[in-house]
1. From A:298, A:288, grab the single residue that is loosely packed, with under 15 Cβ neighbours inside 10 Å, modelled with pLDDT under 90 and away from chain B (no Cβ under 12 Å).
2. Considering each residue of segment A:314-324, count those that are under 23 Å from residue B:65 (Cβ atoms) and within 8 Å of chain B (Cβ to nearest Cβ), and give that number.
3. Going through segment B:165-178 one residue at a time, which ones are more than 11 Å from residue B:215 (Cα to Cα) and either small (Gly, Ala, Ser) or in a loop (DSSP other than H, G, I, E, B) (or both)?
4. If residue A:304 meets every condition in (1) buried (at least 18 other Cβ atoms within 10 Å of the Cβ); (2) under 25 Å from residue A:410 (Cβ atoms); (3) within 14 Å of chain B (Cβ to nearest Cβ) apart from one, which number is that one?
5. Scan segment A:312-330 residue by residue and report those that are in contact with a Phe, Trp or Tyr (Cβ under 7 Å, 6 or more places away or on another chain) and either assigned to a helix (DSSP H, G or I) or of a type in the set (S, T, N, Q) (or both).
6. For segment A:1-59, what are the residues that are within 14 Å of another protein chain (Cβ to nearest Cβ), surrounded by fewer than 13 Cβ atoms within 10 Å (Cβ to Cβ) and at pLDDT 70 or above?
7. Cβ-Cβ under 8 Å, sequence separation 6+ or interchain: first residue in segment B:284-300 and in contact (Cβ under 8 Å) with a residue 24 or more places away in the chain, partner aromatic (Phe, Trp, Tyr). Which pairs?
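The values are calculated or read from the model by the stated rules, or taken from the named source; none is laboratory data. For clarity, every value in this text was computed on a predicted model and none was experimentally measured. Virtual Cβ from ideal backbone geometry, glycine too; neighbours counted across all protein chains shown.
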Amino acid sequence: MARYLLKRIVYFIFTLFLISLVSFAVTVCAPGDPVDRLLSSAVAGQEMSSQAAAVETQRVQLRHQLGLDLPLFYISLQSAAEPDTLHRIFPLADRNTLKALTKRCGNWEKVSDYYLGILNFQRTLALHYIRNASGEASRKQKLNDLAVLGMGLRSTPDEAVAGRSLRQITEWINTDSSLQFLSAQVAGMQRAFAGMTKEPLSMNYYCPALRFHGENQYHRWLFGSSGSGKGVLRGDFGLSYISRQPVGSYILDRLPWTVCLAFISVLLAYAISIPLAARMAKKPGGSLDHRVSAFLYLLYSMPGFWLATLLLMVFANPEVLPVFPASGVKPVAGYPPDASFFQNAWISLPYLVLPTVCYSYAFIAVLTRLLRVSLQQVSGQDYIRTARAKGLDEKTVRLKHALPNALLPAVTLFAEVFPLAIGGSVIIESIFTIPGMGSGIYQSIQSQDYPVLVCVFTLTGLMTMVGYLLTDITYAFLDPRIRYS
Amino acid sequence: MKKFIQCHSHFSFLFLGLALCLLQCKQQRNSDAAGHVSFAPVQRIPDDTKGNPAWSKVNILVCHVTAEPPTLHPTNGNSSPWQEINQYLHAFLININFRNPGLEPGILTLPVISPDGLRYTYKIRSDAQWDDGSPLTRADILFTLKASCCPLTNNPHARSYWENLLAVEADPRDTLAITLVMKSAYIQNTSILAEVPALQQTFFDPENILARYAIADFRQPSLDAAPPADLVKWAQQFNDEKYGRDPLFIRGLGPYRLTSWDAGQSLILEKKKNFWYRANDNIHWQASPDKIIFRLNRDEVSQQLEFKSQALDVSGTVTIKTLLDLRQDSVFLANYHAAVMPTYNYTYLAMNQKPDGIRRQKLFDEVRVRKAMAFLTPVDEMIRIVYKSYSPQCRRLAGPVSPLKKECDTTLALATYDLQAARRLLEEAGWKDSDHDNVRDKIIDGKRVPLTADLHIMNTTADWKDMAALIVSSCAQAGIRLNVISFDPKVFVEKARAHDFDLMLGVWGGTSHPEDYAQLWHTDSWLNNGNNYPGFGNAASDALIDSINYTLDSEARISLVRKLQKLIYDNQPMVFLYSSLRRNIIHKRFTHVELYAERPGFLLNTMQPGTRMHDEVNP
C-alpha cells in the first residue's frame, strides 16, 4: 500500500504540472489583454499629442510589472525567420502584422527595418503635429491624412495595399513643400519596403527553430522573481490583477463557504441516500421502490437554477412561507461581536438550508438510485444467502454483509466532492448571494483576472487527484479483495 | 335627419375623444418642437406623511448593490462602487454640486484662476480634522497630490490626467493657500480634484519620504528607469492592498468609517462619533443614518423578495423588469417610493466610417448611408422595449451632449423613422439591388460589394438582442442585411477599438463635469485605437475640440460645444438613441430624499428616518 501511495504521489506531481500547463495555456489564449483592461479607464491614447507617450509608457511599465513582456514558456517552436524577441512587440496587432510580413518575406531584418521606418515616420509626424498644434486647418488635415496612411501601413500585411499607401504618401510629400520634413523618413520607408518585397525568401519561414527561454512567464509564475513574489512552488500565486490582493487571501476569503456547503451537502446526501436505498432494496419492485424511484427521476431532471428560484419563491417569500432568508450567509448587520464559532454557525444555519438543498438534491437522486441497484445486486450473492442460512437476522445481513460491498459505487462518487469544494456552483452562489468560489471564479473570468484563474484551476486539479486517491484507499478498506501491490 | 344628427354626434364625440387623447399624449411627454423632453437634474421625493407602525425604527440604512468595489484604495481604485462608497469615507478636494450641476468647494475652495489659465490657487478648509484629532494641513494636501502623481503609485487609470500638473506651490504667507501650476489651461484641471480624496500624510507616509520630491522630479525619465530606493519602499507600502480592504487602514475625512467588509456580502459604514463638520448645509458631509450597509445581491428574484420583506431600504441598481414587477405589488407601493431619473449616459448605434477595406468593407463611409441608417433606426420602439411603461420619461438624443447640460443644442431635430427617405439616400449613394436578391450592392474598388454588415452587441442583457432585432428587421426593408453577433463586453470593446466592426450598439457614461470631447471625437483617439470607434473627425473638428478643451469660460464654451454638436450631427457617425434612466427605490420611512442625475443618483448620508412615527400617527 505504501508503495502504491508513493507511486500515486509521483503521478500527482506530473499531473499537476500538466494541469498547470493547460490552465496557463488557457489563460494565455483567452481573448483580451489585462493591461488594456487595467488602463481602460484612462483617457484614450492620443498618438498625436503629448499624452500618448504617457499612456504608452504606462502600458510598457505595466506589462513589465506583470511579466507579460516575457516569453510564455521555456521552449518555443517558431519559424527560423522570426526573431526570438517577437514576444516583446506590442500591441498584438503589430506583432501579427510583422509575423505575416515575415512569412512572405522570410527575412526578419528587412521586416524590422520596414517596421522601424514606419515608427520613425509616425513619431516625426506626431512631434511636428504637437509643435505646430495651432497651424492652419488645411495643413492639419493633411497631417491627419498622413497619420491615417501611416496607421494603415502599420496594420496591413498586404503588400499591394502597403505599396499603394506608400506611393500616396510619396506623392503628397513631393507635391507639398510644407511636408518636406518627412522626406527622409519616407525615403527610409520606401527603401525598407523595396528591400523587403524584392526577392522574398518565403521558404525560410517554414524552417523551424527551437528556442530556449530561461526567463519566461511560466517560470516566473512557478518560481517567482525578485519583483514579482515567491512563486507558486512556495505558495505565492501572485496578486489579483483587479484588486491587487494576494490570490491566496482572495481564495481563503471565499473557500470556507464553498467547502462548508459542499461537505454539508454531501453528508446530507449520504445520510438520506443510504437508509433510503436500503429501504428500497428491501423489497425491489414494491410500491415504495416505484414511487421513490419516480420521485428521484423527477428530482434529478429539475435544473438547479429553477429549483433554487422555486424554493426562494416559496420559502423566502413573505407572501407565502417566509421561513428562510432570501440571500446571504449571515444577517445584514453581521455576527455579534463576541459570538463564538458555534454561535455564528447557528446564526448562519437558516441561510444555508435552501442553498444546501439545491447543492444536494441531484446528488441524493443519483446516489440513492446507485445504492439501490448496487444493494439489489449484492443481495442476490451467494454469501448473503449463506449469511441468512446461518440464521443471522435481516438487519445484520444487510448492514454488516451487504452494505459494505454495495458502497463501492457510492465511494466513487465521493471523489466528486473535492473539486466541487473548490469550484463551487456559480448558479447557486449567484442566486443565493453566497460569497463562495463559484461566484468568485465567474467574476475573475469576466475581469480576466488570470492569476486567480490559474490558481483555481491548479487547486481544482489537485483536489480532484486527492479525492480519487482517498476513494482508492477507501476501496481497499471496504473490500479486502482490493489490494494495491 | 334624425339618423344624420345621430351619426354626426357620434362622429363628433369620436373626434373629440381622439383629440383629447392626442393632447394627453403630448402633455405626458412635455416635448418641445424638436421633440426634446425636459428634465431637471434633481428631484425631491415627497416625505411620507402617514407612517406605518410596522416600519423599522432603527436608524440603519441598507443599500442594495450589485457589485462590490475591487478595492477602496484612495488613489488606486476608480470603479463606480469605489466612488459610491468612498464619498462617505473621504472628503474630496472639490465636491460635485448635485443640485446645480457643476463643482462646489470641498476640502479646497473653488480656485482663483490666473488669466493665462495655468495657475489655480485654492484655499484649504481650516476646520477639518482627522480621526486622531490632528488638523488637516497643507502638508496633507501636498502629500495627496504627490501620491497621485508619483509614477510608482498603482493608478494607471489616472496617470494621463496628472500629466498636466507641473508643480505645486505653497504660499509662505498663507499656510492655507496652495497653487497648482498646470501645463495647459484645460477644462478638467479643477474637476479632476473631485475624484481625489484628501489623505493624511502622517498616516500614509510616516517617514515623510514624498516631501523630498517635487512634482517635477516625477516627470524625469531617469525616475522611471531607476527609481530611488526610498521611493520604491514608500510605493510598495502605499500600494499595499490593506489600504483598500482592511478597515483599520482605511482612513479619511468623511463622516463615516468602514467597520466591516465581508467579501461578497456586505460593507458596513458607521457614523463617526467626533466628526469634525458640525454644520448642516453641506450635503456631502451630513451623517443622518447611524449605519449604512451596502448589501450585495445580484439575483433579481432574490432582490424582489428582499424588498417585499423590507430587508433593503434603497437601491439604484435594479432592472426595469424588477421595478415594474415590484410595482404590481400594493404592499411594495405602500412601503417604497419607486422613481426613475435621467442620467448623463446615452446609448448609440455606431457606424464604422473608416474601415480598412480589407477586414471591413467600406459600407458606411458615406454620410448619406449613415443618414439612411438614422432614418431606419426605430428609436421610439427601442425605448419602449427597454423602459416599457417608463418610456415617456426617457429622453431621446440628437447628439453626444446630454440634454441635462446647458450646452446641449436642443434645436437639432431628432431623426424620425422614414423608410422612403432611407431608400432615397441609399439610391443616391449608389447602393442599388442590381442582382435582385433584396440586398443592395455597389461596385467598390472594382468589386461588387453587397450591403451586408455585422451588428455587434454585448451579451449582457436580452434588451440588446431585442433592440438589434428591431434594427435588423427595419434595415431588411431597405435592402440592408445585418448579422447580429453578440460578444462578451471585453471582446466587444476590443473589437471596437481595433475598428473591427461595421455597426455596434453601445452605451457611453457621462457626468456633469465639463466633458473632454477628445476622448470620443478627436481623430487622435481613432488613430491610437481609443474610444473614437466610428472614426469621426477631421482637422476642423479636432481644432474645435482643442478649443473647447482650453476654453475655461463655461459660457464661451457653450457656443463651441454646440458647433461641435452640429458637426457631429451633420456627419452622423452614430445614431444617438436615448439617455439612460436610473431606477431608484427608496423606503418611505426615510425623508429628505433627493434623486440626482449625477451618479450615484442619491446621497445615503442625507436620508433621515421619518419623524412621524407610530406614536404620533396612531397614539
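1. After applying the criteria, what remains is A:288.
2. Residues in segment A:314-324 being under 23 Å from residue B:65 (Cβ atoms) and within 8 Å of chain B (Cβ to nearest Cβ): 3 in total.
3. B:170, B:171, B:172, B:173, B:174, B:175, B:176, B:177 - these are the residues of segment B:165-178 that are more than 11 Å from residue B:215 (Cα to Cα) and either small (Gly, Ala, Ser) or in a loop (DSSP other than H, G, I, E, B) (or both).
4. So the condition that residue A:304 fails would be (1).
5. Matches in segment A:312-330: A:315, A:327.
6. A:29
7. Here the result reads B:284/B:92; B:285/B:275; B:285/B:277; B:287/B:256; B:287/B:275; B:292/B:88; B:292/B:256, each pair linking segment B:284-300 to a residue that is aromatic (Phe, Trp, Tyr).
Here is a yes/no grid of residues against (1) polar (S, T, N, Q); (2) touching a residue at least 40 places away in the same chain (Cβ under 8 Å); (3) crowded, with 19+ Cβ neighbours inside 10 Å; (4) assigned to a helix (DSSP H, G or I):
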{"position": "B:559", "(1), (2), (3), (4)": "yes, no, no, yes"}
{"position": "B:568", "(1), (2), (3), (4)": "no, yes, yes, yes"}
{"position": "B:578", "(1), (2), (3), (4)": "no, yes, yes, no"}
{"position": "B:583", "(1), (2), (3), (4)": "no, yes, yes, no"}
{"position": "B:586", "(1), (2), (3), (4)": "no, yes, yes, no"}
